[in-house]
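Quick notes on the structure that follows.
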Amino acid sequence: MKTMKKILIINGHPNKASFNFGIAEAYKKGAIESGVEVKEIIIAELNFNPNLQFGYRKIMELEPDLVEAWEKIIWADHLVWIHPVWWGGLPAIMKGFIDRLFLPGRAFKYRENSVWWDKLLKGKTAHIITTLDQPGLYYRLMFGRPSVNQLKKSVLQFCGIKPVKVTYIGIIKTSDENQRKIWLNKVRWAGRKQS
């Protein structure tokens, strides 16, 4: 018997009135239409301290919302990260979420007396959907896509998650309702294909 694919949508935008929430809803609709199981994490709704105040020297106890979020990440086969690019990077609350959860012994494990590490999240895939106020090509060529490098390479692939697909949506600030409908249909289709 074939098991149902498990999708987790992680929304990193702190403002519920943002277009990112429409993107998350479109992906969710498409995924549900294809018959997969879907769960969500809306980072802005979680109650947690985003500051990893001791670094890795002393592990902070996870708040209940972070415990539940981690259980969802472990449960999922495919992680869909939706966020805006601000100052070339991730929103602060999303960065804090990653800092607090993707820890040594949980998402990866350092090897003793070695520069290498074990990737503890192997077997999962991901899709980053990011909104921009510039064309995606411009963001890549002029700025080197720092948010993608951070999330895709330095977090997800570092922990064994691959492949990681990236979709750029923009230019948001000059888009009209018709353009936004086109983007939402594209995202809904991606949800149907779970890509």
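Using alpha carbons only, the radius of gyration of the chain set against its Kirkwood radius gives Rg/Rh = 0.96. Comparing L141, L120, L101 in a Gaussian network model of the chain where C-alpha atoms under 10 Å apart are linked, the largest mean-square fluctuation is found at L141.
Largest mean-square fluctuation among M142, M60, M94, in a Gaussian network model of the chain whose springs join Cα atoms under 10 Å apart, belongs to M142. The trypsin sites (Lys or Arg not before Pro) of the range 95-195 meeting both criteria, a DSSP state outside H, G, I, E and B (loop) and at most 15 other C-beta atoms within 10 angstrom of the site's C-beta, are R111, K122, K173.
Given charges of +1 on the Cβ of Lys and Arg and -1 on the Cβ of Asp and Glu, with all other atoms neutral, how large is the dipole of the chain about its Cα centre, in debye to the nearest 20? Before the final figure, lay out the partial values.
Working: 31 positive and 17 negative charges, 158 e Å.
Roughly 760 debye, rounded to the nearest 20.
The portion of the accessible surface of the range 107-182 made up by carbon and sulfur, rounded to a whole percent, is 52 (1.4 Å probe; DNA, RNA and ligands excluded).
Once the C-beta distance of W189 and N51 is scaled by a Förster radius of 41 Å, the resulting FRET efficiency is 0.60 to the nearest 0.05.
Per-residue ellipticity at 222 nm computed for the chain from its helices equals -10000 deg cm²/dmol, with DSSP H segments shorter than 4 residues left out and the rest contributing -39,500 (n - 2.57).
Taking a Cβ cut-off of under 9 Å around I172, the surrounding Lys, Arg, Asp and Glu residues balance to a net charge of +1, with basic ones at +1 and acidic ones at -1.
The residues of the range 1-68 present an accessible area of 58 Å² per residue when probed at 1.4 Å with all protein chains retained.
Using a/c under 1.5 as the rounded threshold, could you call the range 59-103 rounded, prolate or oblate? The axes a ≥ b ≥ c are square roots of the C-alpha gyration tensor eigenvalues, and prolate needs a/b larger than b/c, oblate otherwise. Oblate is the answer for the range 59-103, as a/c is 1.5 or above yet b/c matches or exceeds a/b. For the range 85-139, the Kirkwood estimate of hydrodynamic radius, built from reciprocal distances between every pair of different alpha carbons, is 14.0 Å.
With protein chains left intact and a 1.4 Å probe, residues in the range 73-138 average 47 Å² of accessible area per residue.
Over the residues of the range 27-83, compute the C-alpha Rg and express it relative to 2.2 N^0.38 Å. If you can, show how the numbers build up before the last one.
Working: Rg = 14.3 Å, N = 57, 2.2 N^0.38 = 10.2 Å.
Scaled against compact globular proteins, the figure is 1.40.
The values are calculated or read from the model by the stated rules, or taken from the named source; none is laboratory data. Since the structure is predicted, the reported quantities are computational estimates derived from the model, not experimental observations. All Cβ positions, even for glycine, are placed from backbone atoms using ideal geometry, and neighbour counts span all protein chains on display. Note: accessible area is taken over every heavy atom of the protein model, side chains too, but ligands, DNA and RNA are not part of it. Shrake-Rupley method; radii C 1.70, N 1.55, O 1.52, S 1.80 Å.
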